[in-house]
Amino acid sequence: MNRITCHDLTKKYGSKTALDHLNLELDSGKIVGLLGPNGSGKTTLIKLACRLLQPTSGEILINGQKPGKASKASIAYLPDRDFLPDYMRVSQLIQYYVDFFRDFDPDRAHQLLTSLEIDEKMQLNRLSKGNREKTQLVLTMSRQAEIYILDEPIAGVDPAARDFILRTIIGNYEKNALVLISTHLIADVEPLLDQILFLKNGQLVLNGDAEQIRYDRGMSIDQLFREVFEC
């Protein structure tokens, strides 16, 4: 089973506490929405899972092990900003992923890029912002990973492109995988989500089945978010 587990996970930046004794267990086969306002600890949690940060105290485990070489090989991570060499052509980026990730499926990448009408001969820095983000998502979702972690995957693209990206996510992740999506565009991703996490000031204030939460609260997840985090 592919799983992310947190035991009293705490991360501080000087006197500021980004995550405060977080206890959490996420299992495979689900698309989980990691939701909260800016500064709630979402990106910190993601970076801890990807071993880009170290906990101040407590622990985070990926499939029962501390983040390391093995967990990096099992996680397909999409950051919230450009992260690929922009001088490379799209075709070179595909080969780059083939070389680095054993679970990368180049045929899937070619198919998705063709459907997006993205020219693989183009350099990344010659693509529009939206097409750069689509290319990065295609490369991420073309891995046959155990865990997908997507940080704001639809933030910088137009509504039509969002629909395609969401279809790409739902149609291309491994069905026994865990997908963790952090986003502010809750109404767009809500139909995808099986489980909801609300983070506030580094603490978990809501964790549950998306459908059950909608039934119990009598409102959408987007409406509930606005109520819980009302300024």
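Points to keep in mind about this one:
- All Cα pairs of region 4-131, percent lying beyond 27 Å: 35
- For the chain, the longest principal axis of the C-alpha atoms and the axis of helix 129-141 are separated by about 80°.
- R0 of 25 Å, Cβ-Cβ distance Phe164-Arg217: FRET efficiency to nearest 0.05: 0.25
- The slack in the chain from Ser57 to Phe229, taken as 0.36 nm per residue of separation less the alpha-carbon distance, amounts to 59.2 nm.
- In region 4-228, the DSSP beta bridges split such that about 55 percent are antiparallel, to the nearest 5.
- Farthest toward positive dipole pole in the chain [+1 Lys/Arg, -1 Asp/Glu at C-beta], among Ile221, Cys6, Ile169: Cys6
- Region 115-154: GluC sites (Glu not before Pro) in DSSP coil with no more than 12 other Cβ atoms inside 10 Å: Glu117
- Rg/Rg_globular for region 85-141, with Rg_globular taken as 2.2 N^0.38 Å and Rg from C-alpha atoms: 1.00
- Gln144 paired with Arg3, simple spin-label distance in nm, labels 7 Å along Cα-to-beta-carbon: 2.5
- Every Cα-Cα pair of region 4-228 was included, and the share exceeding 24 Å stands at 44 percent.
- Per-peptide packing, taken as the mean over residues of other Cβ atoms within 10 Å, places 176-186, 135-145 in the sequence 135-145, 176-186 from highest down.
- When +1 charges are put on Lys and Arg Cβ atoms and -1 charges on Asp and Glu Cβ atoms, the dipole computed for region 1-109 relative to its Cα centre reaches about 260 debye.
- Long-range Cα-Cα pairs in region 55-120 (distance over 15 Å), rounded percent: 66
- Those residues of region 48-63 whose amide nitrogen sits under 11 Å from the label point placed on Asp27, 7 Å along Cα→Cβ: none
- For the residue pairs Lys69/Lys121; Lys30/Lys72; Lys42/Lys121; Lys11/Lys69; Lys66/Lys129, alpha carbon separations beyond 29 Å are given by Lys69/Lys121; Lys42/Lys121; Lys66/Lys129.
- Over the chain: helical MRE at 222 nm, DSSP H runs n ≥ 4 each giving -39500 (n - 2.57), nearest 500: -10000 deg cm²/dmol
A short reminder: the numbers here are calculations on the coordinates, not readings from a lab. This one's a predicted model, so the numbers in the text were calculated from it and none came from an experiment. Glycine gets a Cβ as well: all are built from the backbone with ideal geometry, and neighbour counts include every protein chain shown.
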